[in-house]
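Take a look at the structure below.
Please treat every number below as a calculation from the coordinates, not as lab data. Bear in mind the structure is a predicted one, so any value in this text is a computation, not a measurement. FYI the Cβ positions are ideal-geometry reconstructions off the backbone, even for glycines, and counts take in every protein chain you see.
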Amino acid sequence: MDQLIELSYALDTFYFLVCGALVMWMAAGFTMLESGLVRAKNTAEILTKNVGLYAIACIMYMLCGYGIMYPGDGFAGGVIPGFGMLGAADNSAAQVIASGGGTYYSRLADFFFQVVFVATAMSIVSGAVAERMKLWSFFAFAVVLTGFIYPVQGFWKWGGGFLDAHGFNDFAGSGVVHMCGAAAALAGVLLLGPRKGKYGPGRQVNAIPGCNLPLATLGTLILWLGWFGFNGGSELKVSNIAEANAVALVFVNTNMAAAGGLVAALLLARLWFGKADLTMALNGALAGLVAITAEPLTPTPGLATLIGAVGGLLVVPSIILMDRWFRIDDPVGAISVHGVVGVWGLLAVCISNPEATFGAQLLGIVTIFAWVFITSYAIWFLLRLSVGIRVDEEEEYEGVDLGECGLEAYPEFTRAPE
């Protein structure tokens, strides 16, 4: 019996770690997507933000975030309740064998899987505030979001808090991760303001195209791949027939939702603009992935495709509405993809999951958005008052690569020949 428990423990721990590595690879996807959708003169800075935020998220979640989000698990070496650093005892299997296998994977594997989710939420913010935010102000906000703001609302659902007790369903994080990142991004963008030259008089909107669409497409495909770990790993277990079948269904539904979102967004863009808009197609795929993340287990593959397609149909008008009517300058469409479609994903849970209720889903949506938006707005506002959050006009004109990083990603294209 002990041998079977040990084998199950090893298999589930390995599966958890592999899925976590896939989600970590999403950091590369966000980095490539964002660097492809900004101008060449801002590329090095967006790259720096993405690798920096990942490292900050890992450190802050180790120091305090994990303890806040999962206080019932405790910590070896914790200083005060809810705070502490991981220790050797957090990686012991002795209690697993003694308890008859009640815990079925290493706690450090759980930490690793959870920490890459935190980084994903912060990556959403990076693209929305691109091309005009001070690098170190962004990093300061990353410390607070990943160490405190995200873990609190994560505890409310995944740590056994009141949202979970009230029946709020969010399988892999349409709300806890994606809407959280979008709410933080929206607060920052409202205080930051649009890029210079983005809007003219009346309803005039000046397009500011990205510098590298092949890179943006590669980033989207990397995110698509990483999402199998994001949703598949959230099943938490794979070591028996029922769980293995559930994981297979989650993978298939995740893939079909992305396909549905891309095709729907591409068709809508063709009907609306008369052209096949690549950026809308890419955001459609991501919208489909966000939409299915709240519940990828209970729908059939056909229904998952439709849920993703609705996400794709929502993201196109949302991006246009944000830009033309509300003048919210989001260079990569992150607020629409992760926020608007995140809400749809949470509501769509009620279609296929008989345990979900519309009231509980609305409670989760309002609670998460209010908490993250209000606290993020307060932190962004304090940063604006103290150190500032926006670069000056000259630095924005020349590109934040030189002003913030002292180097350029494409010097042969952005610098005049001598």
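Round to the nearest 0.05 the FRET efficiency obtained for T300 and E394 when R0 = 41 Å and r is the Cβ-Cβ distance. All intermediate terms of the calculation are to be shown ahead of the outcome.
Details: r = 56 Å, r/R0 = 1.36.
For T300 and E394, the calculated efficiency is 0.15.
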Problem set entry | Length gained when the stretch L191-V366 is fully extended (0.36 nm per residue, less Cα-Cα span) | 60.9 nm
Seminar exercise, completed: Links exceeding 28 Å between C-alpha atoms in this model, out of K49/K237; K198/K275; K134/K275, come to K49/K237; K134/K275
Exercise. Counting each DSSP H run of 4 or more residues in the chain as -39500 (n - 2.57), what helix-only mean residue ellipticity at 222 nm follows after dividing by all residues, to the nearest 500 deg cm²/dmol?
Worked result: -21000 deg cm²/dmol
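Can you give the extra length, in nm with one decimal, that the chain gains between V51 and L221 once fully stretched, where that is 0.36 nm per residue apart less the Cα-Cα distance? Don't jump to the answer; show the numbers that get you there.
On the way: separation 170, 0.36 × 170 = 61.20 nm, distance 1.88 nm.
That works out to 59.3 nm of additional length.
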Seminar exercise, completed: Sorted on mean Cβ neighbours within 10 Å (highest first), peptides 391-404, 268-281, 299-312, 33-46 come out as 33-46, 299-312, 391-404, 268-281
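Magnitude of the Cβ-charge dipole of the stretch 363-410, K/R +1 and D/E -1, about the Cα centre, nearest 20 debye? Please report the intermediate quantities before stating the final value.
Details: 2 positive and 9 negative charges, 128 e Å.
Roughly 620 debye, rounded to the nearest 20.
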Seminar exercise, completed: The farthest towards the positive end of the charge dipole of the chain, of the residues V18, Q204, G226, given +1 on Cβ of Lys and Arg and -1 on Cβ of Asp and Glu, is Q204
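Rounded to the nearest 20 Debye, what is the dipole magnitude of the chain about its Cα centre when Lys and Arg each give +1 and Asp and Glu each give -1 at the C-beta?
Values: 19 positive and 30 negative charges, 195 e Å.
In total the dipole reaches around 940 debye.
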Seminar exercise, completed: At q = 0.08 Å⁻¹, the log10 of I(q)/I(0) for the chain from a Debye sum over equal Cα scatterers comes to -0.42
Problem set entry | Residue (of L306, I319, V143) at the positive-pole extreme of the chain, dipole from beta-carbon charges | I319
Seminar exercise, completed: Distance in nm between A21 and A248 label points, each 7 Å along Cα→Cβ, equals 2.4 nm
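Treating only the Cβ atoms of Lys and Arg (+1) and Asp and Glu (-1) as charged, compute the dipole magnitude of the stretch 284-391 about its Cα centre; round to the nearest 20 debye.
Numbers: 4 positive and 5 negative charges, 72 e Å.
With Lys and Arg at +1 and Asp and Glu at -1, about 340 debye.
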Seminar exercise, completed: So for R0 = 60 Å, FRET eff. of N206-L4 from the Cβ-Cβ r, to 0.05, ends up at 0.40
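Assign one of three labels to the stretch 120-185, namely rounded, prolate or oblate, based on the Cα gyration tensor with a ≥ b ≥ c the square roots of its eigenvalues; rounded applies when a/c is under 1.5, prolate when it is not and a/b is larger than b/c, and oblate otherwise.
Working: a/c = 3.89, a/b = 2.15, b/c = 1.81.
Prolate, since a/c reaches 1.5 and a/b exceeds b/c.
Considering just Cα atoms, how many Å³ per residue does the convex hull of the stretch 188-291 enclose? All intermediate terms of the calculation are to be shown ahead of the outcome.
Values: hull volume 14.0 nm³, N = 104.
It is 134 Å³ per residue.
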Exercise. With a ≥ b ≥ c the root eigenvalues of the C-alpha gyration tensor of the stretch 1-76, is it rounded (a/c under 1.5), prolate (a/b larger than b/c) or oblate?
Worked result: oblate
